Each structure stands twice: as C-alpha cells, then as structure tokens.
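Trainee: Dropping a structure here in structure tokens format, bear with me for questions.
Values quoted throughout were computed directly from the atomic coordinates according to the rules given, and no laboratory measurement underlies them. This one's a predicted model, so the numbers in the text were calculated from it and none came from an experiment. Cβ coordinates were reconstructed from backbone atoms using ideal geometry, including for glycine residues, and neighbour counts include every protein chain displayed.
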Amino acid sequence: MKKTYLIVIAWGIFFLFLIQLAGSLVESIYILDLMNTSLDEKALGLLFFFAPVLLYLYPQKHPAQTAWILFGTLFLARGLTPLPNTLGRLLASGIGTCAALSLFPFLMTAKAKDDSSPRPGLWAPAGLALAVGISAFLRTVNYGLDYSLLPSGSWAGWALGVVLGFALTSLKWDSPKENPAKSRPPTLAALGIFLVAGLAWFAFSAPTVIARWTEGNYPLIVLTVSALALAWAGISLSRPDWIVKVSPLWLLIWNLAFTLALTLTILAHRVPFPQTPESPAVVVFPPTTLQQLPLILTLLLFPVIFFDLLVFSSRIEKADPTPRDLIPGTLLGSLTLIILIFMQIFTNVWGYVEPVSPWFRNKFWLPYALLAGLISLLIGWKGMKGLEIQRQPPGKYSWGWAALLAVIFLVTAGGAFSTTRVQAFEPREGSLVVMTYNIQQANDDYGERSYQEQLALIREVAPDILALQESDSTRVSLNNNDYVRYYAGKLGYYSYYGPTTVTGTYGTAILSRIPLQNTRTVFTFSDQDEIGTTEAEIEIDGRTFTIYNVHPDGSDRAMLVWAEALLERSAGKPNLIALGDFNLRDYEEPYQLIASTYTNAWESVYPSKISPDGTDMSGENRIDHIFFSPSLAARGPVYILPPASATDHPVHWAEIIWKD
C-alpha cells in the first residue's frame, strides 16, 4: 500500500480518536457534575482542551521526539479510556484529548518520507471522511453505542492505536527552519479545521443523532452518511483532479445551502411550547414528508465539510508553519468547541443554570447553525484567494483501498438493518407486564455506567411494555450514545423514542413487544424542564390500550397543569395505562387528582403501601407509579430499590390483567 494511504489512515484514526476522547471527556464531566445540575472541581476537566499551550515549552529542535511522545500518550490513554470508572474515564480521556490536540500541530506540519504522495492538503479531509465512516460503523453494528468505547470492545481501541503508530512511520517531522519572510500563522485556518471536526463530532460521526432529531429513517440516514463519507475518502485519492474542480463561488454557495438545510432540519422539528399555564397542550405527531425535506438536503450536502477541510488544510500548507505557529489556532478551536458544547447543554438544562441558561430554551438549533455558519464565513471571507490547490493527475487506482472502504460500508449497512429487527413474542393470556424505569442515562446511583445491569434486569422481568425515563442521551453531552436503540435492539422490541432531542427533554421512550400505533408526544406548560408525555396505543385480545409514559417536573402549578391535561386527554379511554417517573408523592394535589380517576397498581394490591416482604413505598419513598383504568386490575407489583435497580430510582413493574 502506498504511503499516501497510510498517511490518510493515520489522519483517519487521529480524527476518530479525537472525537471519541473529547466525547468521553465531556460525557464523564456531564455525568459527574451537570447531571446533578451543579458544577464542582470535576468541571476543571475541560482544561484538558487547553493543554496544547504547553507546547510553547517544547524544544523546537526535536519535533520528532515530541511527536512520538505525544503519540505514546495518546495510544495509552485511548486504550485505557473504556476500562475504568467514570472518574478514571474522565482522567484517561482528558489526557488522551490533551495528547491528540497537542499532536495536531505536528501532523499538520509533517511531510511524507518519500515525497511521492499527493499534496498534504488532501490527507486531512480524506482522513476525516474515513473517520466518519469508521465511527458510523462502530456505532451502527453495536446498536447505537461505539463498540470500541465499551470495556468488551477495548481491544479495538488498542488495535487502532497500533495501526496509527505504524501509519505515522510514513511521516517525517523536520526541525523548523528560520524564514524571516514567513507569512502570519494560519490561526483562522486551524480554527476552521476544528469547526469542521466539531460538526463531524456533534452529528455525522454518529448518524443516530440525526435520526433522533428528525424521527427519520435510521438505516437510510446511516447508509447515506457512510456511503458519502467513504466515497469522498476514495475519490479524493483515486481522482483528486475531480476534487479541485469546485470553484470558490460554488463552494461558498454549497456551504450556505448546507448551513440553511442543517438549520432547517432542526427547526422543522422545533416545538412551540405552551408559554403559560392557560396555554393548550401541544401535540407532536410523526413528521410529515415536508418536514423531512431539509433532512434529505442536509444528508446530500454534508460532504461539503470535507471540501472545506481541504481548503483550510491547503491554507496551512501554503503558510508553511511550524508546530508552534499552530498553537493559537488550536487553542481558539478548543475554546470555540467548548462554548458550543455549553450552548447545547444549556438548551437541555435551561431551568437550572440561571441567569445564563434560560435564554437558550428551545434554541437547540443554534450551536449547529453557528458551527456551519462560521465555516461558511471562513470559506467566504478569503475564499480561495491566493490559494492554489494544485490540480492533481488521476491517482493509480488501489484495489486494496477500495476493498477496505467497501467492507466498512457493507458491514455498516448490514448492521443498520440487523440491529433494527424486532422479534416475535408469544402474547400472554389476558394480561400485560408493564415496567417503568428511570434509567438516568444508563448510569447508576453512583454515576457509573450500568447499561449492562439495566439490560439484564429488563430481560429478567421481560415486560410487554417498557417505559424509560431520562433516556434522552443521544446528544453531545452524553457522547451521542443511543441507549433506547441499544435496549430495543438487544431486546428485539418495537420502540418510540418519544420527544426528539431537539425539544430538550430528558426523554420518555416506550419499548414494546407489541407493535406501537398512533405514537405522539404531548407538551404541557413548563417552567423548569420541558414536560413531554409520550403516548402510544397497542392492540391485544381485541382491545385497544393507550399507554402514557410520563416524566413531569417543575413548579406546583406546572405539575397541576400537566395532571389536568393527562386526565383531559385520557377521558373516555377504557383501557389506560399511565406509568413513569411522576415526581409526585401520594399526598400531593396532582397525584390525588389522578388517583381520583385511575387506580394505582401498588396501592391496589398493598393498601398499607408496604409489601409482605417489607418493601415500604409509603410517603416520601415513592414517585415512580403505574396507574390504570378502573376496568383493569394489577397483580404482583414489584419495586426494586437502588442500588439493585442499577439507577438512582426504584424500578417498578406489575402485571395488568383484565376480564373478558
């Protein structure tokens, strides 16, 4: 294989590691701090993003030695990241992020050892395209979670690190030469590279993110992103003459169109939330074809980010900087990404971090529009003025490279379809087992990952209906992990994600052994968290059951408005099951309002609210409930308390029965 391909592989694994490590760092900080809606010393982990400032101290005469030390640090940190607890993962991913960001200036100024490779400006964009393809593969084949970031898949991280080390042997780092006529450091070009990598991190490296924005066709989104990214990686090396035919004007138009399409993709699913207690509830049904048009355009236009990276890389190449010259751009890029991350987080926790966060309510679109818009601005400001991207002759076609890209795509495609299949289950006779589970983003009461323990408990109960709360994890603050997809795929259940990530809720997903019909989400007035109640219907034994998965929160007034809306929407439905994290105790007015119409499963079997085995769910102890219509009955309700519940809430289930 030519050294060109090795260099592109090096860039691909580098970008992949940077996205994985930065995502793990932000996730760990979020779990330990922001999940508790407060900040402490763990938030200082964000300082890892600014570690490249230490490069001002490195001896410039020995760039190769420094680069290899940074690689060794990156290799060890990336390999160890999946293995420790959350605090250990914060430290490992933080050190790895520091090493990757510090290695970036050396990679950008490196040369090929044999000088026979195409222009270096092509290496980074082809590498990012490869990284997007590999990341989509790692997440798709593992039901929405990056396989290489799990303890069971840690070997993949070590293997990729070995490949990265071998590929880096194709590069040489020359000592900087004195050049008094050298141009200014290409700070804005370096910033542009970070913006492009950030957009890949925030969305396209995990296609399930876009699917959760839009309720779009998941396999189609995965296949489109994978195919276009890998095609770019292939074409840019085999036919580089095609790549540079895009004129500066058309590149700017392409960027502006992509920015508009991306922004509209999110805005099309933005919800006009009720603003006052008197405002009627807002019902959100599955998207229409018109709402999905911006999504189609976004998917088709997104390869423009690789063209943008080509421009930024070529600007740096033309400036011929030293690694030290790229430090300001690296630090500015890191700062910009951190600001954009906080902006996205504030759209979700807008009621908790006053006075800043309330302004970000319902502005989920803003950080994405800024990312794409800033890239367009940097492309349009100077365009390609003074930049001569050489027209490359067609490269020699490499069947090995084509085969590698084809295998990645085909396995990704297989994963997209195989992980979304549902199983056929034998129905129970005259009953349903329903389960409510606040999974706290798949973390236990100590802030440690518990997805395996939660999945094992669900499998043991084998519910027909599973209502998940705090399941809205498919966002950058939680490393874009899709636990709803993971559980549904592993269980073979139908699923409805409920409120999209665009709405900024904590998630109320419904998983079911029985096909879900008429799915929708209802939003009521809120003054702290968006209150999105998920509704669906199932058909069994000739009966239609209406399922409500609830997770209200906020002031007493907001909670009462929500309870009144629940009763209003459920009126006249003979087979109702409402379950979830009600955030209500049995002495509170909204609870008593619901209990005046519907039956509580636990109390109907244990009027004392204490089970024969001594489980005391009276008073303050119980906010997770199962309610049902008077025509139904409950049998064998169970609460499993933390830490056995593998979350910070009790997990609760019951068998709901009916008579013919």
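Trainee: Please compute the length gained on full extension between residue 417 and residue 518, using 0.36 nm multiplied by the number of residues separating them and subtracting their Cα-Cα distance.
Mentor: Values: separation 101, 0.36 × 101 = 36.36 nm, distance 2.34 nm.
Gain on extension, residue 417 to residue 518, equals 34.0 nm.
Trainee: I've got another one for you. Given the convex hull of the Cα atoms of segment 71-139, what is a quarter of its surface area in nm²?
Mentor: Values: hull surface 23.0 nm².
Across all orientations, segment 71-139 yields a mean hull projection of 5.7 nm².
Trainee: To two decimal places, what compactness ratio does segment 42-103 give when its Cα radius of gyration is scaled by 2.2 N^0.38 Å? List each step's numbers first, then the result.
Mentor: Numbers: Rg = 12.3 Å, N = 62, 2.2 N^0.38 = 10.6 Å.
It is 1.16.
Trainee: For segment 70-227, report the convex hull volume of the alpha-carbon atoms normalised per residue, in Å³, without decimals. Show your work: numbers first, answer last.
Mentor: Values: hull volume 22.9 nm³, N = 158.
For segment 70-227, the hull spanned by Cα atoms encloses 145 Å³ per residue.
Trainee: Decide, for the chain, between rounded, prolate and oblate: order the square roots of the alpha carbon gyration tensor eigenvalues as a ≥ b ≥ c, take rounded if a/c falls under 1.5, and otherwise choose prolate if a/b is larger than b/c, else oblate. Please list the in-between numbers first.
Mentor: Values: a/c = 2.12, a/b = 2.06, b/c = 1.03.
Taking the square roots of the gyration eigenvalues as a ≥ b ≥ c, the chain is prolate.
Trainee: Cα axis of helix 86-109 to longest principal axis of the chain: angle in degrees, 0 to 90, nearest 10?
Mentor: Approximately 30 degrees, to the nearest 10.
Trainee: Rounding to the nearest 20 debye, state how big the charge dipole of segment 425-657 is about its Cα centre with +1 on each Lys and Arg Cβ and -1 on each Asp and Glu Cβ.
Mentor: Around 620 debye, computed over segment 425-657.
Trainee: Further question on the same structure: Any chance you could run the full-extension gain for residue 597 through residue 293? It's 0.36 nm times the residue separation minus the Cα-Cα distance, nm to one decimal. Could you put the intermediate results ahead of the total?
Mentor: Working: separation 304, 0.36 × 304 = 109.44 nm, distance 4.29 nm.
That works out to 105.1 nm of additional length.
Trainee: Running Debye on segment 294-367 with equal point scatterers at the Cα sites and no solvent, what base-10 log of I(q)/I(0) appears at q = 0.21, 0.23 Å⁻¹?
Mentor: Log10 I(q)/I(0), no solvent term: -0.96, -1.00.
Trainee: If you don't mind, another one. Counting other C-beta atoms within 10 Å, which of 639, 548 has the fewest, and how do the rest follow?
Mentor: Numbers: 639 19, 548 22.
The most exposed by this proxy come first: 639, 548.
Trainee: Continuing with this model, one more query. Would you be so kind as to identify which of 518, 267, 439 lies farthest towards the positive end of the dipole of the chain, taking Lys and Arg as +1 and Asp and Glu as -1 on Cβ and the Cα centre as origin?
Mentor: 267
Trainee: Would you mind working out the magnitude of the charge dipole of the chain relative to its Cα centre, with +1 at each Lys and Arg C-beta and -1 at each Asp and Glu C-beta, to the nearest 20 Debye? Mind dumping the intermediate values first?
Mentor: Details: 45 positive and 52 negative charges, 748 e Å.
The dipole of the chain has a size of about 3600 debye.
Trainee: Shape call for segment 532-657 from the C-alpha gyration tensor, a ≥ b ≥ c root eigenvalues: rounded (a/c under 1.5), prolate (a/b greater than b/c) or oblate? Mind showing how you got there, number by number?
Mentor: On the way: a/c = 1.58, a/b = 1.15, b/c = 1.37.
Because a/c hits 1.5 or more and a/b fails to exceed b/c, segment 532-657 counts as oblate.
Trainee: Another one. Going down the table (113/318; 490/573; 245/363; 363/490; 61/113; 61/172), which pairs top 25 Å between alpha carbons?
Mentor: Details: 113/318 19 Å; 490/573 32 Å; 245/363 37 Å; 363/490 33 Å; 61/113 18 Å; 61/172 13 Å.
The answer is 490/573; 245/363; 363/490.
Trainee: Tell me the label-point distance for the pair residue 159, residue 62, using the 7 Å Cα-to-Cβ offset, in nm and rounded to one decimal.
Mentor: 3.5 nm
Trainee: Once the piece of chain linking residue 44 and residue 635 is laid out straight, how much longer is it, given 0.36 nm per residue of separation minus the C-alpha distance between them?
Mentor: Gain on extension, residue 44 to residue 635, equals 207.8 nm.
Trainee: For segment 74-233, give the magnitude of the charge dipole about the Cα centre (Cβ charges: +1 Lys/Arg, -1 Asp/Glu; no others), in debye to the nearest 20.
Mentor: Dipole size: approximately 240 debye.
Trainee: So what does the Cα-only Debye profile of segment 425-657 read at q = 0.17 Å⁻¹, as log10 I(q)/I(0), no solvent term?
Mentor: -1.33
Trainee: So, one more: What are the principal axis extents of the Cα atoms in segment 284-333, in Å, biggest first?
Mentor: Ordered largest first, segment 284-333 gives principal extents of 54, 21, 8 Å.
Trainee: Next question, about the same structure. Compare the Cα positions of 567, 531, 656 along the charge dipole of segment 509-660 (+1 at Cβ of Lys, Arg; -1 at Cβ of Asp, Glu; about the Cα centre) and return the one farthest towards the positive end.
Mentor: Final value for the positive-end residue is 656.
Trainee: Which residue, 53, 283, 552, has the largest displacement toward the positive end of the dipole of the chain when charges sit on each Cβ (Lys, Arg +1; Asp, Glu -1)?
Mentor: Going by the Cα projections, it comes out as 53.
Trainee: I would also like to ask the following. Relative contact order for segment 425-657: what percent, with Cα pairs under 8 Å and sequence separation of 6 or more?
Mentor: Details: 528 pairs, mean separation 51.0, N = 233.
After rounding, I find 22 percent.
Trainee: Please arrange 123, 158, 399, 254 by how many other C-beta atoms lie within 10 Å of their C-beta, fewest to most.
Mentor: Values: 123 28, 158 15, 399 8, 254 18.
Ranking 123, 158, 399, 254 by Cβ neighbours within 10 Å, fewest first, gives 399, 158, 254, 123.
Trainee: At 7 Å along the Cα-to-beta-carbon direction for both residue 239 and residue 556, put a label point, then send me their distance in nm to one decimal.
Mentor: It works out to 7.0 nm between the two label points.
Trainee: Just order 72-81, 583-592, 281-290 by mean Cβ neighbour count inside 10 Å, highest at the front, would you?
Mentor: 72-81, 583-592, 281-290
Trainee: Which whole-number percent is the relative contact order of the chain (Cα, under 8 Å, 6+ apart)?
Mentor: Details: 1286 pairs, mean separation 101.0, N = 660.
RCO, the chain: 15 percent.
Trainee: What ranking, highest mean first, results for peptides 528-540, 443-455 when packing means the other Cβ atoms within 10 Å averaged over each residue?
Mentor: 528-540, 443-455
Trainee: On to the next question. Starting with the fewest neighbours, write out 361, 475 ranked by other beta-carbon atoms found within 10 Å of each beta-carbon. Before the final figure, lay out the partial values.
Mentor: On the way: 361 16, 475 26.
Ascending Cβ contact count within 10 Å gives the list 361, 475.
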